[in-house]
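What follows is calculated from the coordinates using simple rules that are stated; it is not laboratory data. No experiment lies behind these values; they were computed from the predicted model shown. Here the Cβ is made from the backbone with ideal geometry for all residues, glycine too, and neighbour counts use every protein chain on show.
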Amino acid sequence: MTNHNKSEYAKHMPKRMKWPGIAGWFGWIFFLLFFIMGLSNANITVDRLWRGLFNAGTFISQAFPPDFNRIEPVTWAMIETFEIAIVGTAVGVVISLPFALLSAKNITRSPLIRSVTRGLLGVMRTVPDLVWALIFVVLFGLGPLAGILTIMIDTIAFCARFFSERIEELNKGPLEALESTGSKRGGVIFGAAIPPAFPSFVSTGLFAFEKSIRGAVVLGLVGAGGIGVELRTSMTLMKFDEAAAIILLILLVVLAVEKVSSKIRLRVI
Amino acid sequence: MVHLSIQQVGKTYDDGTEALSSVSFDVNKGEGVVLLGHNGSGKSTLFRCINGIENTSSGKILYNGQPIHDLSKKEIREVRKNIGMVFQQFHLVGNLSVFQNVLFGGLGKSPSSISVFGPFAKQEMRMKALECLDRVGLIHVSKKRADSLSGGQQQRVAIARMLMQEPELVLADEPIASLDPSAGKEVMDLLWSVVKERGMTVICTLHQPEIALQYAERIIGLHKGRFVLDQQTSQLDDTRFEWLYEKNLKNLSKEVISVD
């Protein structure tokens, strides 16, 4: 027994397929245009793909066995990359905190301050890190300083957003309780906002560090210090066995960092 | 001596709900008052107005004869230092130690906020926090995380935090509403005895008349934001007593009763 006659069902039945609207059509045309142009401009031919495969063979045969003769300078460069990641991330995480507080709705009441902070974070996030690195190399010259500053900006953009989301989720009870003692704003924030969010800050900070170590490797390619410089040199000089040693070292360090950081993360949460 | 004077206080929220409508009463220094009413009777709103979390829409609130409605942020902080709060949900910082939570009671009155944070607190402050914990019978859990305690214990920690603050007036907002009856009794016994031994004024909201009768010297009834009863507990006559027991505050609202 149903409420309606089956003959009335037709007008309630959703269409099997809906044609896109005008904006939808434009979207599809736009997408297909660039997709086809992209494919054709990449100049993909069977011949080229075949040659690539052949080159891969040469590359691998020359890369093995890896040449560890330059292991000493390479290790120092790796240590420099590690330092860039540590310093940049640590300073970035610390600076993220005020940014996060200033962009969190439940802490900063003024919409003006909030949108200015969010705007700044938006700029940091949307400009890619290699572009930041190029800018800092121009400003401060080649070397690790440019790398540190780039990692710092990257970390702030990443952490401040997650920190402030965590702060906005806070239970407002303890905040009100400390406020009700007549405490100043700072006391309330350090007493009831930061402690409950702290485990999440640590976890996010560790993610940022994992991101930074990978980022710092690449930054060397544009001259911002670290092992990237070594890798680029070996590649340009076609010393693929040296390059292989460097890549292995990078792999090792990145894996170790991820392992340790996930161990720590499990302990804090 | 009048400690707190509520004069024709009304509160209408932005969305048009009228939470309080010209409520008036005085509370004397050292008095123990229970504010009785159902959910939505305006008890919490009244507390929020006294504490400056909300502004009143009309009327006056005087603290020791001084108006405390419509103050600047700085002035509100000064008033709050002398008003201790106890909340239904305890409002402890869960992942910090019991000891640290008690220390937070000193936030308002200590000259710099940093002096109530564990590692930076002076020995004198640390001793005082332990003393407060000892008074509520929980010195043995001082190092535990606050959220590892039972509800009743957490509320006792909240009372210790309030003692640390050394307020003159205590506002307890449904302190036992989320506790089981035996823990609730323990908390009420403790709250009333610490408040009385230190000569503090206390206003406590409850919704169970039978508990109000056990503790209060005076009962004030609120119903839908209106003032419906104000009576010394010892002078409650049988009819009103029954009304209370039937939780029939609605009937009381037909005739506003006040005795002085």
Checklist outcome for this item: Partner lysines whose C-alpha sits under 18 Å from that of A:LYS15, ignoring same-chain residues fewer than 8 away, are A:LYS6
Checklist entry - For the Cα atoms of chain B, what angle does the longest principal axis make with the long axis of helix B:123-135, in degrees from 0 to 90, nearest 10? => result 50
Checklist entry - Taking neighbour Cβ counts within 10 Å as the exposure measure, how do A:TRP28, B:TRP192 sort from fewest upward? => result A:TRP28, B:TRP192
Checklist entry - Taking a spot 7 Å from the Cα of B:LEU130 along the direction of its beta carbon, which residues of region B:88-109 have an amide N less than 18 Å from it? => result B:97-106
Item to check | chain A, relative contact order in percent, only Cα pairs under 8 angstrom and at least six apart counted | outcome: 26
Checklist entry - Tell me which aspartates and glutamates have Cα within less than 19 Å of A:LYS105's Cα, excluding those fewer than 8 residues away on the same chain? => result A:GLU165, A:GLU168, A:GLU169, A:GLU176, A:GLU179, B:GLU54
Item to check | B:ASN39 versus A:LYS172: modelled label distance in nm, points set 7 Å from Cα along the beta carbon direction | outcome: 1.8
Checklist entry - Fewest to most neighbouring Cβ within 10 Å: what's the order for A:SER261, A:SER212, A:SER110? => result A:SER110, A:SER261, A:SER212
Checklist entry - Based on the Cβ-Cβ distance from A:LYS18 to A:ILE44, what FRET efficiency comes out when R0 is 45 Å, to the nearest 0.05? => result 0.85
Checklist entry - Where the centre of each part is set by its Cα atoms, how far does region A:235-269 sit from region B:124-144, in angstrom? => result 49
Next on the checklist: To make sure I understand, if each residue's beta carbon is the centre and we count other beta carbons within 10 Å, what order do A:TYR9, B:TYR215 fall in, fewest to most?
Outcome noted: A:TYR9, B:TYR215
Next on the checklist: Can you compute the modelled spin-label distance between B:ASP189 and A:ILE79, with each label point 7 Å from Cα toward Cβ, in nm?
Outcome noted: 6.7
Checklist entry - With θ set to phi - 60° and the Karplus curve 6.51 cos²θ - 1.76 cosθ + 1.60, what are the ³J(HN,Hα) couplings of region A:205-212 in order, to the nearest whole Hz, using x for Gly and Pro? => result x, 5, 4, 4, 5, 4, 4, 5
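Magnitude of the Cβ-charge dipole of the protein assembly as shown, K/R +1 and D/E -1, about the Cα centre, nearest 20 debye?
Charge dipole of the protein assembly as shown: 1060 debye, to the nearest 20.
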Checklist entry - Which residue, chosen from A:ALA42, A:VAL87, A:ILE264, occupies the Cα position most advanced towards the positive end of the dipole of the protein assembly as shown, where the dipole is computed from +1 (Lys, Arg) and -1 (Asp, Glu) charges on Cβ about the Cα centre? => result A:ALA42
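Taking the Cβ-Cβ separation of A:VAL202 and A:THR58 as r and a Förster radius of 51 Å, what is the calculated FRET efficiency to the nearest 0.05?
Working: r = 46 Å, r/R0 = 0.91.
Here the calculated transfer efficiency is 0.65.
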Checklist entry - At what distance in angstrom do the alpha carbon centres of region A:113-152 and region A:29-47 lie from each other? => result 33
Next on the checklist: Less than 25 Å apart at the alpha-carbon level, and either on another chain or at least 8 residues along: which lysines does that give for B:LYS143?
Outcome noted: A:LYS172, B:LYS109, B:LYS122, B:LYS128
Item to check | Distant alpha-carbon pairs in chain A (separation over 26 angstrom), percent | outcome: 62
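Using +1 on the beta carbon of Lys and Arg, -1 on that of Asp and Glu, and nothing else charged, what's the dipole of region A:71-268 about the Cα centre, debye to 20?
Numbers: 18 positive and 15 negative charges, 164 e Å.
Approximately 780 debye in magnitude.
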Next on the checklist: Between A:ALA10 and A:LEU221, what is the label-point separation in nm under the 7 Å Cα-to-beta-carbon projection?
Outcome noted: 6.1
Item to check | With Cα atoms, 0 to 90° folded angle of helix B:181-197 axis to chain B main axis | outcome: 80
Checklist entry - Any idea how far the Cα center of region B:61-119 sits from the one of region A:161-223, in Å? => result 24
Item to check | Stretch in chain B that is longest and holds no GluC sites (Glu not before Pro) that DSSP places in a loop and that have at most 13 other beta carbons within 10 Å | outcome: B:1-245
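Work the Kirkwood hydrodynamic radius out for the protein assembly as shown: mean of 1/r over every pair of different alpha-carbon atoms, inverted, in Å.
Its Kirkwood hydrodynamic radius stands at 28.6 Å.
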